[in-house]
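Since the structure comes first, as structure tokens, the remarks are kept for the end.
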Amino acid sequence: MAIDLSLAPRRLTRPSVATVRPGSGSATGALVCLVLLLGMVTVAWPSDITFALFIPLAVAARMILSARRAMLVFAAIGVVYLMSAVDSGGSEAFALGLVLASTMGVVTVVDRRHTRAGVTAAVGGSMLVDLRERLRVQGQLPILPAGWNVESSVQPAYGDSFSGDFVVGNCPTRDRFDLALVDVSGKGCTAGTRSLLLGGAFAGLLGAMEPARFLPAANDYLMRQGWSEGFATAVHASVDLTTGDYSIGSAGHPPAMHFRAGSGRFARIDGASGIALGILDRQSADDFTRVGGRLERGDALLLFTDGVIEQPGMDLMQGVDRMLGHADRALSVGARGAATRICTMGSGGLADDRAVVVIWRE
């Protein structure tokens, strides 16, 4: 079966400077005309009009125009200022000129990433909105058959729009559910774009191969990206929805937890091991040890990223104990909504991305 790994964010490359009207020649001409008109008004009424009115025009030019067209507007502002300053003179005009020049310099430097990418700030903002929406849709999990449920919660660091943690799930057959929880190194927009790229590919891999082959294939895909820096930890769970049997695989990820309804306690699932994705090439299934178990009625699997248990100055086991305490309380009022409650109380707090998945059998 052919696997399409080209699930990268194609829509992100759709807009271009040439097709976005705010960056067109008409917008440039309109801004230049406004600069000239404001210049004439400034000369006619120097005591009532201030050069500070040019600042919004400079900011608008850099926001909606390409770098080359914005420079035309900046040049027009400079010419008008020089002509007006000759008539008005004085230290106030000189000071406002410095402020105006500084403003144009700052907006140019701040927006240099858009310049290198060949897009305007307006287009870049649209692309980020599209990225955020795709990440949201990508993280939606399938509805499981009667008697089974799954919920996830992903909370970015500092309430950001993008997270390096993501979850993907798939039901390749009627009686099998596969899920991967991944923690991409880094935070913010950079981690978010990598999460989208990896998430699309990993979602395709989940439905295309047997559980034992998923982590090696995910590692191969990450290695092919050729990132100079960056890796990912992952935990993969495959659950038989008929018998309740499951298998867990890990790539440098914190261990999963099994909640046993009979004892009302969590048991750590030990034995799943493997090196984080994106570090060593040509990993095989033998390099990722998997462990199995069975979910009885009332049992649950708890998967989480390190942001839920890590905190500066706190031992890792203390973080695990703290999380399990919150998990006990969260499940005591019902499994539904427990993922969000556990994730919110993560030890990392706002300083780290956090993600929690709860799979339970009724």
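Just a few scattered comments:
- Filter result for residue 235 (under 25 Å from residue 279 (Cβ atoms), modelled with pLDDT of 95 or more, open to solvent by less than 10 Å² (accessible area, probe 1.4 Å) and not in a helix (DSSP H, G or I)): yes
- Qualifying residue in segment 310-328 (condition: open to solvent by less than 30 Å² (accessible area, probe 1.4 Å), assigned to a loop (DSSP other than H, G, I, E, B) and not charged (D, E, K, R)): no
- Once segment 321-344 is narrowed to residues that are without any contact (Cβ under 8 Å) to a residue 24 or more places away in the chain and touching a strand residue (DSSP E or B) at 6+ places or on another chain (Cβ under 9 Å), the residue that is farthest from residue 158 (Cα to Cα) is 330.
- For residue 282: the one exception among (1) out of contact with any strand residue (DSSP E or B) (no Cβ under 7 Å at 6 or more places or on another chain); (2) open to solvent by less than 70 Å² (accessible area, probe 1.4 Å): (2)
- Against the conditions (1) open to solvent by 10 Å² or more (accessible area, probe 1.4 Å); (2) among the aromatic types (Phe, Trp, Tyr); (3) closer than 29 Å to residue 334 by Cβ, residue 227 satisfies every one except (3).
- Checking each residue in segment 168-205 for being more than 20 Å from residue 275 (Cβ to Cβ), of a type in the set (Asp, Glu) and either open to solvent by less than 10 Å² (accessible area, probe 1.4 Å) or not in a loop (DSSP other than H, G, I, E, B) (or both) picks out only 178.
- Cross-chain or 6+ apart pairs with Cβ under 8 Å, segment 204-215 first and within 12 Å of residue 179 (Cα to Cα), then among the β-branched types (Val, Ile, Thr): 204/3; 205/3; 206/168
- Residues of segment 206-215 classified as part of a helix (DSSP H, G or I) and surrounded by fewer than 20 Cβ atoms within 10 Å (Cβ to Cβ), total: 2
- Annotation note: of 359, 342, the sole residue that is more than 22 Å from residue 186 (Cβ to Cβ), in contact with a His (Cβ under 6 Å, 6 or more places away or on another chain) and not in a loop (DSSP other than H, G, I, E, B) is 342.
- Counting only strands (runs of 3 or more DSSP E) that fall entirely inside segment 262-308 and contain at least 2 residues that are at pLDDT 95 or above and within 22 Å of residue 199 (Cα to Cα), the qualifying elements are 300-304.
The values are calculated or read from the model by the stated rules, or taken from the named source; none is laboratory data. None of these values were measured; they are calculated from a predicted model. Positions of Cβ are generated from backbone atoms using ideal geometry, with glycine treated the same way; all protein chains shown enter the neighbour counts. For accessibility, only protein heavy atoms count, side chains too; no ligands or nucleic acids. Shrake-Rupley method; radii C 1.70, N 1.55, O 1.52, S 1.80 Å.
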